[in-house]
Amino acid sequence: MKRPQAGIAAAAAVALVAGGVSVLPALAATGQTLAQVATARGFHIGTAAGVKTLASGQWRQVADTQFTSVTMGNEGKWDATEPAQGQFDFAAAAADAIADYASATGKRLRGHTLVWHSQLPAWVSADRPAAEQRQVLLDHVTAVAGHFKGRAGQWDVVNEPFNEDGTLRSSVWFTRLGEDYIADAFTAARAADPAAKLFLNDYNVEGVNAKSTGLYNLVQRLKARGVPIDGVGLQAHLIVGQVPSTLRQNIERFTALGLTVEITELDVRIPLPADAAELAQQAADYRAVVGACAAVTGCTGVTTWGVGEADSWIPAFFPGYGAALLFDEQWRARPAYSAVVEALGGTPTVPEPPATPSLVTVASYPFETGLTGWGSRGGETTAHSTAAAHGGTGSVLSSGRTATWQGPTRPVLDILSPGKLYTVTAWARTASGTGTARLSMQRQNGTATRYENVSANTAISTTWTRLSGDYLFLPGATALSVYLETTDTTGDLYLDDVTIQTEGPPVSQSPSASASASRSPSASPSASPSASKSPSTSPSASRSPSTSASSSGGGTGCAVRYTTNDWGGGFTGDVTVTNTGATAVSGWTLRWTFAGNQRVNQSWGTTLTQTGSAVAASNAAWNGTVAAGASVNFGFLAGYTGANSNPAAFTLNGTACTLR
Ligand code: XIL
């Protein structure tokens with residue numbers, strides 16, 4: 001599933017160097033990805049991610065290159081992270097997989113969400129005294145935010161606390177603890193992860209209205225009390241043509257309070273089927289939202305709630321609506337994609353959609369010669385049979401069943417890889433009568449056993465019924481078996497032709513397919529966007545860092561002060577660079593190599609890229625010029641394991657610096 005890709009880091013570095021410093025980036029003729037234009041102006045463009053979407057090579061290919069930030073879609077919610085009181089399992093919940101994806105691809109991580117009224121396991125709402133309820137909240141916030149300490153750039157600490165009229169929603173939190181639950185959650189989150197920016201997130205608060213005014217008044221009260229809140233998230237689940245006209249004004253009133261604002265869950269839904277006029281209106285809507293945020297200092301990023309149709313929540317939650325995100329069913333960019341690139345000051349090239357992956361069969365059981373590892377789940381009999389067959393002449397017959405859960409099973413732990421998505425297919429038939437056949441996985445993680453359904457269908461005796469479905473194999477399993485049962489009968493049951501398949505490498509595209517995929521008027525298959533993304537073939541490659549150093553017009557001497565605030569496993573770095581030369585530096589890149597496995601998650605005052613242990617920190621749009629004798633300061637947040645020693649040496653535009 002690996003495809004050759006120029007990483008965001010390299011691409012962003014090219015964009016920055018090509019862009020110069022005193023103006024917004026000059027625009028490469030080849031166009032720029034969302035990630036490149038966003039990074040070049042110190043802005044974040046993000047997507048929600050789910051563990052299932054992470055398993056899709058096509059999703060990955062788009063998300064890897066187009067987004068700079070990733071939000072936990074469902075994996076960070078209470079039902080996933082603390083399903084039973086005090087039992088936290090971030091591997092099974094897969095929140096770790098989202099965080100790992102963020103650090104592996106150099107994206108900022110948005111944690112979502114610590115305290116919410118929805119997707120709560122039942123035990124949270126069980127009757128208990130207020131003091132205990134408060135402890136439930138504090139324990140959860142402390143454990144979850146603490147688990148991701150140093151890794152999350154931002155957290156949605158409290159989600160959706162408001163009613164539409166601006167009063168607080170009567171959730172289990174508000175009714176039992178009053179308004180103070182919000183301050184408690186923020187205070188606990190700050191203590192658990194001091195570096196994360198803490199947000200209050202809600203929907204229908206994009207324009208100036210009763211609800212956003214309730215939010216405004218609340219955050220004012222919180223700040224007045226010294227509660228550690230850093231930002232507000234405007235979710236922005238919008239309907240086409242309905243961007244509030246007061247969006248920018250609303251953003252500005254929050255930033256005027258000293259808060260950061262982010263658009264956290266943007267989608268613009270259209271009644272299906274979406275026609276060209278609606279897609280054009282949607283593009284205008286995306287342009288308006290991203291433009292409003294980018295125009296306000298302190299509005300630092302926009303996250304869309306998914307990448308494409310396949311990972312949008314809209315079709316399931318708003319029946320009749322869809323087409324809400326930047327990419328379509330086949331991961332092709334919608335018109336809104338170009339509008340967003342333009343809203344960030346870039347020149348879009350419509351990206352080529354990812355190739356369709358091939359399907360690889362990892363296991364196949366045709367039952368022609370024997371049971372090949374299949375056996376009984378309980379006391380029933382499992383035997384090879386030639387009395388019936390779906391393909392060939394053999395199958396499995398399960399007989400003597402006395403309980404519905406009995407049926408043929410096989411261990412598959414060694415066959416499947418954790419974190420991967422599989423398609424499991426089987427054929428079932430009853431010996432007589434009908435039964436509801438269920439194909440499932442039994443997964444054991446230590447002592448916890450889960451029964452995960454793959455597919456269910458009515459099986460009959462006169463013909464074979466196909467059962468087929470997706471199965472995401474989550475990490476941490478100690479045992480895994482596939483099995484067939486009938487949930488409403490105990491009669492004899494046949495099973496045949498079981499296959500387990502997964503995504504393989506992409507199917508090589510025919511020239512005509514790739515030509516039709518390049519929808520940019522100027523694009524041809526030989527000048528595809530992916531080719532232009534490689535730094536070595538990019539037209540801007542001639543402006544390599546060393547060239548830019550010699551053309552920087554000064555800066556023959558530099559001194560660096562590098563300090564860290566380390567809490568074990570994570571740290572913030574503070575870097576001050578002094579121009580000790582005789583002339584001004586105009587445009588700078590400070591380079592160093594980490595001594596260990598330090599990994600930068602987030603940075604400020606710089607555009608920082610990391611490749612392996614090598615770091616290149618370049619100026620942001622506003623701090624490129626450093627007068628002789630003057631200093632510039634920037635910082636970053638990083639994680640590590642092992643030791644965290646300081647880098648031994650730094651170069652500024654290729655010149656070695658002294659250490660201070
Ligand atoms: C949604 C998810 O996308 C769905 O998969 C899930 O079933 C329900 O929640 N506001 C939020 C998000 O803060 O967490 C919600 O996400 C969408 C609305």
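The values are calculated or read from the model by the stated rules, or taken from the named source; none is laboratory data. Please read these numbers as outputs of a predicted model, since none were measured by experiment. So basically every Cβ, Gly included, is an ideal-geometry build from the backbone, and we count neighbours across all protein chains shown. To get the accessible areas, we keep the full protein, side chains included, count just its heavy atoms, and leave off ligands, DNA and RNA. Shrake-Rupley method; radii C 1.70, N 1.55, O 1.52, S 1.80 Å.
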Exercise. Got at least one residue in region 151-159 being part of a loop (DSSP other than H, G, I, E, B), away from the ligand (no atom under 16 Å from the Cβ), small (Gly, Ala, Ser) and under 15 Å from Ser125 (Cα atoms)?
Worked result: no
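Per-residue answers, yes or no, for (1) part of a strand (DSSP E or B); (2) open to solvent by 50 Å² or more (accessible area, probe 1.4 Å):
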| site | (1), (2) |
| --- | --- |
| Thr436 | yes, no |
| Gln444 | yes, yes |
| Arg450 | yes, yes |
| Asn453 | yes, yes |
| Ser461 | no, no |
| Arg466 | yes, yes |
| Asp470 | yes, yes |
| Val482 | yes, no |
| Glu503 | yes, no |
Exercise. Across region 275-293, which residue is nearest to the ligand (Cβ to nearest atom) among those that are buried (at least 21 other Cβ atoms within 10 Å of the Cβ) and over 15 Å from Ser338 (Cα atoms)?
Worked result: Cys293
Exercise. Yes or no: Ile270 in a strand (DSSP E or B), open to solvent by less than 60 Å² (accessible area, probe 1.4 Å) and away from the ligand (no atom under 16 Å from the Cβ)?
Worked result: yes
For this session: Starting from region 233-252, take each residue that is at pLDDT below 95 and open to solvent by 40 Å² or more (accessible area, probe 1.4 Å) and list its partners that are within 14 Å of the ligand (Cβ to nearest atom) and not in a strand (DSSP E or B), counting only C-beta distances under 6 angstrom and pairs at least six apart or across chains.
Result: none
Problem set entry | Residue ID - most open to solvent (accessible area, probe 1.4 Å), chosen from residues in region 176-190 that are more than 10 Å from Lys149 (Cα to Cα) and among the hydrophobic types (A, V, I, L, M, F, W, C) | Leu177
Exercise. What is the residue count in region 245-264 for residues that are more than 19 Å from Ile229 (Cα to Cα) and either within 16 Å of the ligand (Cβ to nearest atom) or more than 27 Å from the chain's Cα centre (by Cα) (or both)?
Worked result: 3
Exercise. In region 315-330, how many are open to solvent by 20 Å² or more (accessible area, probe 1.4 Å) and either of a type in the set (A, V, I, L, M, F, W, C) or within 16 Å of the ligand (Cβ to nearest atom) (or both)?
Worked result: 6
Problem set entry | Single residue of region 40-79 satisfying the filter (within 15 Å of the ligand (Cβ to nearest atom) and basic (Lys, Arg)) that is surrounded by the most Cβ atoms within 10 Å (Cβ to Cβ) | Lys77
For this session: Would you please list the contacts, defined by Cβ atoms under 6 Å and residues six or more apart or on different chains, that run from a residue in region 104-118 that is open to solvent by 10 Å² or more (accessible area, probe 1.4 Å) to a residue that is within 12 Å of the ligand (Cβ to nearest atom)?
Result: Trp116/Asn159
Exercise. Which of the residues belonging to region 191-232 are crowded, with 20+ Cβ neighbours inside 10 Å and of a type in the set (Asp, Glu)?
Worked result: Asp193, Asp202, Glu206
For this session: Check whether at least one residue in region 390-409 is part of a strand (DSSP E or B) and of a type in the set (Phe, Trp, Tyr), and report yes or no.
Result: no
For this session: Go through Ala104, Ala91 for me and flag whichever is in contact with a Pro (Cβ under 6 Å, 6 or more places away or on another chain) and more than 16 Å from the ligand (Cβ to nearest atom).
Result: Ala91
Problem set entry | region 339-389: number of residues that are among the charged types (D, E, K, R) and loosely packed, with under 15 Cβ neighbours inside 10 Å | 0
Exercise. Tally time: how many residues in region 121-132 are touching a residue at least 12 places away in the same chain (Cβ under 8 Å) and open to solvent by 40 Å² or more (accessible area, probe 1.4 Å)?
Worked result: 3
Exercise. Residues that are β-branched (Val, Ile, Thr) and under 10 Å from the mean Cα position of the chain (by Cα): which helices (runs of 4 or more DSSP H) entirely in region 28-104 hold 1 or more of them?
Worked result: 51-54, 95-104
